[in-house]
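Notes follow once the structure below has been shown.
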Protein chains: 2
Amino acid sequence: MNIGIVGLGLIGGTYAKSLRKYPYRIIGIDIDQETIDYALKENIVDIATDDPKTVLGTIDVLFLCLYPTDAIAFVRKYATYFKSGMILSDVAGIKRYMVDALDMYHDDNFEIVYSHPIAGSEKIGIKHSNEAIFHNSNFVITPTKYNTEEALMLIETLAKQMGFKNVSQISDVSHDNIIAYTSQLTHAIAISLVNCDDESLDTKLFIGDSYKDLTRIAMINERLWAELMLKNKDFLLRRITMFEDELSILKDALASKNSDKLHQIMADATIKRSKIK
Amino acid sequence: MNIGIVGLGLIGGTYAKSLRKYPYRIIGIDIDQETIDYALKENIVDIATDDPKTVLGTIDVLFLCLYPTDAIAFVRKYATYFKSGMILSDVAGIKRYMVDALDMYHDDNFEIVYSHPIAGSEKIGIKHSNEAIFHNSNFVITPTKYNTEEALMLIETLAKQMGFKNVSQISDVSHDNIIAYTSQLTHAIAISLVNCDDESLDTKLFIGDSYKDLTRIAMINERLWAELMLKNKDFLLRRITMFEDELSILKDALASKNSDKLHQIMADATIKRSKIK
């Protein structure tokens, strides 16, 4: 089986590395010559090219490891070069937008399995790609009515081979609703926490692990994340409001010196968080 | 030199372990017999007792590794047993409250050096004490007008011996202002983030490292943290408001689909956070 990976960045590079130990031919596609050279030199891929047309006719499974808008642009540009029966998958952190944008291809002779590997790093680029980031991670597939069981099963198998712990299926709407909370809201919070620093004070001498952990993801790939947040705006705005309401409850307990209420809020959080490994 | 440690919990246990490699006699004081037995069995202390009166007359430096109110209660109960010239220090995460409560002792024959080791864990108890949590961490001393250079220097030296990277001095007011941001606000956020989960959805299949990192400290010692937050209420309320204002800016940029503004917010956060190691 020939597996194509478009975009050999952090995620694409990790897809390639994770699948390398299986008997697949891994074909990398990237617009950056330095990335291509690195992927070949480090034996991360079998073949690498900056010209998709030269290899698309041989690819059985194609992973688009690109920003959402770039992934859509790639399909629009190269769909006619896809091998008949090819399975296409993506990695976008928002699914309704992808499903809507690519719906027009549902009659074509390739099948799209929309996926979201919930893993990453604040670092970017193939040099930081690392199989470890997939271990114990979640992989979500948002099936459409056009999907075949075979294609879903194939992507699920590949995800498990890549080292993902849980592979689950859910609707694109539910995906976008939940990911607005677990991923986009967390980034919005980290960014706001860093930006509300009072820089007249020497904050850095007072920083412990808590602050470091809560703000690590504030070092953010702004093009990717602005896109993800804007394309999931309504769910994210709702989740921000839910968070603000919860913070207000704590703030009110504090302002009214309601120690019992504070204890209860903290006990609730401890129980809820303890359920997550 | 005889060093006494009152409260052999996570922090007290780590103080003892960190100072163990130096030629001090470490005397542990705890109300829990199981903790005393464990400290002796594991050779974390030279002596351990649940009766402070039997050892206080021999102690040169006494660390109160207790919750703020317990630390104050300890001094009130046992001040008359302190060895003349003893240096007393604490570990409380709030300093104005400690300084105010213990100000009445400034004429006594012991000297108080108020300290805050900015290190910890979501785990509690001597069994989780671990020297590693002090490495690369910050240690803050809030001197008063009654402090001697010798006493300040002694506590600074002991902090460095314990493995703290930066030992700094600042006023109790500035400490409480900054710590409201770096520590208490981060905990308030983590708690609120966990508590605003929409539990009708299967959130756990969508969780990545970002969410785990941002919520780890939501598993919280409620008695300690309710006390810290309430006793630093005004600074913390102001910091929560500053954070809310910052989050509102992001929310407005999102609601108005202002991509440029979102990029700028993210770029600012990336630069600010990159300055922290």
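Quick look at the values:
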read-out: Top-ranked residue in segment A:65-83 [being open to solvent by less than 10 Å² (accessible area, probe 1.4 Å) and within 14 Å of the chain's Cα centre (by Cα); ranked as nearest to A:GLY28 (Cα to Cα)]; value: A:ALA71
read-out: Positions within segment B:148-164 being touching a strand residue (DSSP E or B) at 6+ places or on another chain (Cβ under 7 Å), touching a residue at least 40 places away in the same chain (Cβ under 8 Å) and open to solvent by 20 Å² or more (accessible area, probe 1.4 Å), in sequence order; value: B:LEU154
read-out: Subset tally (residues that are at the interface with chain B (Cβ under 7 Å from one of its Cβ atoms), more than 21 Å from B:LEU214 (Cβ to Cβ) and either among the β-branched types (Val, Ile, Thr) or part of a loop (DSSP other than H, G, I, E, B) (or both)) for segment A:242-277; value: 1
read-out: Contacts under 6 angstrom Cβ, first residue in segment A:199-228 being without any contact (Cβ under 8 Å) to a residue 40 or more places away in the chain, partner acidic (Asp, Glu) and not in a helix (DSSP H, G or I), 6 or more apart; value: A:THR203/A:ASP197
read-out: Condition check for B:ASN130: within 25 Å of B:LEU56 (Cα to Cα) and not small (Gly, Ala, Ser); value: no
read-out: Any chance A:ILE191 is facing another protein chain (nearest Cβ under 7 Å), of a type in the set (A, V, I, L, M, F, W, C) and not in a loop (DSSP other than H, G, I, E, B); value: yes
read-out: Positions within segment B:180-203 being modelled with pLDDT of 95 or more and of a type in the set (A, V, I, L, M, F, W, C), in sequence order; value: B:ALA180, B:LEU185, B:ALA188, B:ILE189, B:ALA190, B:ILE191, B:LEU193, B:VAL194, B:CYS196
read-out: Looking only at segment A:20-63, and only at residues there that are assigned to a helix (DSSP H, G or I) and in contact with a Leu (Cβ under 7 Å, 6 or more places away or on another chain), the one that is most open to solvent (accessible area, probe 1.4 Å); value: A:THR35
read-out: Selected residue (only one of B:THR241, B:THR270 is within 28 Å of A:LYS233 (Cα to Cα), open to solvent by less than 40 Å² (accessible area, probe 1.4 Å) and among the hydroxyl-bearing types (Ser, Thr, Tyr)); value: B:THR270
read-out: Test set (1) on the phi < 0 side of the Ramachandran plot; (2) in a loop (DSSP other than H, G, I, E, B); (3) within 7 Å of chain B (Cβ to nearest Cβ) - A:GLU199 fails condition number; value: (3)
read-out: Output for segment B:170-197, where each listed residue is acidic (Asp, Glu) and under 15 Å from A:ARG273 (Cβ atoms); value: B:ASP197
read-out: Criterion violated by A:LEU228 - all others in (1) at the interface with another protein chain (Cβ under 7 Å from one of its Cβ atoms); (2) crowded, with 20+ Cβ neighbours inside 10 Å; (3) aliphatic (A, V, I, L, M) satisfied; value: (1)
read-out: Extreme residue, farthest from A:GLY93 (Cα to Cα), among residues of segment B:165-207 that are surrounded by 21 or more Cβ atoms within 10 Å (Cβ to Cβ) and of a type in the set (Gly, Ala, Ser); value: B:ALA180
read-out: Of residues in segment A:84-129 being open to solvent by less than 70 Å² (accessible area, probe 1.4 Å) and of a type in the set (S, T, N, Q), the one nearest to A:THR215 (Cα to Cα); value: A:SER121
read-out: Any chance A:TYR181 is closer than 30 Å to B:SER248 by Cβ, without any contact (Cβ under 8 Å) to a residue 40 or more places away in the chain, among the aromatic types (Phe, Trp, Tyr) and within 9 Å of another protein chain (Cβ to nearest Cβ); value: no
read-out: Matching entry among A:ILE217, A:ILE155 (being among the aliphatic types (A, V, I, L, M) and within 7 Å of chain B (Cβ to nearest Cβ)); value: A:ILE217
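The values are calculated or read from the model by the stated rules, or taken from the named source; none is laboratory data. Values in this document were obtained by computation on a predicted structure and should not be read as measured data. Cβ: placed from backbone, ideal geometry, glycine included. Neighbour counts: every protein chain shown. All accessible areas refer to the heavy atoms of the entire protein, side chains included, with ligands and DNA or RNA removed. Shrake-Rupley method; radii C 1.70, N 1.55, O 1.52, S 1.80 Å.
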